[in-house]
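Everything below concerns the one structure shown next.
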Amino acid sequence: MTTSAEPGTVDINRYDPERRRWLAEAVAKVRADARRSSDTHLLRVPLPALPGVDLYLKDESTHPTGSLKHRLARSLFLHALCSGWVRPDRPVIEASSGSTAVSEAYFARLIGVPFIAVMARGTSREKVRLIEFHGGTCHFVDSANAVYDVAARLARESGGHYMDQFTYAERATDWRGNNNIAESIFDQMDQERFPDPAWVVATAGTGGTSATIARYIRYTGRATGLCVADPDNSAFFPGWRDDDAQVTTEICSRIEGIGRQRVEPSFVASAIDRMIHVPDAAAIAAVHVLEEVIGRKAGASTGTGLWAAFHIMSEMAREGREGSVVGLICDPGDRYIDKYYSPEWLAAQHIDIAPYRARLRDFLTTGELPA
Ligand SMILES: *Cc1c(COP(=O)(O)O)cnc(C)c1O
């Protein structure tokens, strides 16, 4: 720092060439990692009972860290690095329900800074294992609501940076393009018979994915609608319905990755065209049925969106409309063998998926999702 003796001019110069070199290297490492990555597949889901409506799923489970949070973590790191928030040898700290922390641990190790995830006890064991596998540390709190304050405090005490996905997700991603999830989906739809989907169905954890897709749709002048499917115990659905960002809920969502007890700052309600509340039992039944149709397991957030997509497709068929619907595979099912795929866990949660499976079986044979 230098201050000038010349009267009237005060010069505070914090330019630090060494830190700038470190920063340039860190950014280069993250960008090179992106260059080595390839795009994710857009799968077509065969549903012969609906000859006029095509379903596609953007498979985000194939990223190196296994979920759509890989994109978010990359964006958050680049945004934080270029904003001057991440410093060498200081930890990056995050409040997370798991998937973001897995991806952030990966990027923290890539640039050589420590990583601490603040999570509610009860996060799936497989996610904890993955965070530690990527070199991160887990800090558990008893209530999911405590994660934000504890993460901020740990950052203050350590001189580290609280990444705060729930605030920055919607702005860290370049919604105009740059191979974001929306640009990739619409590119991949280009040769299909209905290239502009009638609806894209997303789910919301931070709200970042739905904000990016909704903004991109408007930016490119498309007529596509953006629907968000929301699980039980989430503040997003009532908050959106009643236009009230202050809504909170009593208990934590059982669908990992989505459904929050407060309307997160990154949830851009005004960009969302439609919301569908999906019972947890319906979402879990839907991932079981997905495995029968495409031979793959997925997390229950995927099932939440899938149930809503089926609801919309059934409505389109009933009204004699043709077109396409795009949903997302958010993360793989092998993270949840002891949860959504476990009869014991379902019984302990008093979740009965049988009636929803019956309705889905009807849907697969008739194209009608009975009410
Ligand atoms: C985060 C997450 C979502 C929702 O994505 P956002 O962009 O945060 O709204 C859906 N599914 C899973 C598994 C997630 O981890």
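The values are calculated or read from the model by the stated rules, or taken from the named source; none is laboratory data. This one's a predicted model, so the numbers in the text were calculated from it and none came from an experiment. In this analysis, Cβ positions are derived from the backbone assuming ideal geometry, glycine residues included, and neighbour counts consider all displayed protein chains. SASA here: full protein model, heavy atoms, side chains in, ligands and nucleic acids out. Shrake-Rupley method; radii C 1.70, N 1.55, O 1.52, S 1.80 Å.
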If we count every other residue with Cβ under 15 angstrom of residue 172's Cβ, Lys/Arg +1 and Asp/Glu -1, where does the sum land?
+1
If ligands, DNA and RNA are left out, what is the accessible area of residue 357 with a 1.4 Å probe, given in Å² to the nearest 10?
50 Å²
For segment 33-180, the accessible surface attributable to carbon and sulfur atoms (probe 1.4 angstrom, ligands and nucleic acids excluded) amounts in percent to 49 percent
State in Å² the accessible area per residue of segment 70-169; use a 1.4 Å probe, count heavy atoms of protein chains only, and round to the nearest integer.
38 Å²
Name the residues whose placed amide hydrogens come within less than 5 Å of the amide hydrogen of residue 118, ignoring near sequence neighbours (fewer than 5 apart) on the same chain.
94, 95, 96, 139
Nearest-5 percent of antiparallel DSSP beta bridges in the chain?
15 percent
Note, segment 99-114: 3J(HN,Hα) by Karplus (6.51, -1.76, 1.60, θ = phi - 60°), whole Hz, Gly/Pro = x, goes 4, 4, 5, 4, 5, 5, 4, 4, 6, 4, 5, 4, 9, x, 10, x
Can you tell me how segment 89-151 classifies by the Cα gyration tensor, rounded, prolate or oblate, using a/c under 1.5 as the rounded cut?
oblate
Residues whose placed amide H lies under 5 Å from that of residue 367, excluding near-sequence neighbours:
none
How charged is the neighbourhood of residue 247? Take every other residue with its Cβ under 15 Å from the Cβ of residue 247, and add Lys/Arg as +1 and Asp/Glu as -1.
-4
Tell me what the chain gives for mean residue ellipticity at 222 nm when only DSSP H runs of n ≥ 4 count, each as -39,500 (n - 2.57), the sum divided by the residue total, rounded to 500 deg cm²/dmol.
-13000 deg cm²/dmol
Based on the mean of other Cβ atoms within 10 Å per residue, sort peptides 61-69, 21-29 so the most packed one is first.
61-69, 21-29
Grab the other residues whose beta carbon is less than 12 angstrom from that of residue 284, score K and R as +1, D and E as -1, and report the net.
-1
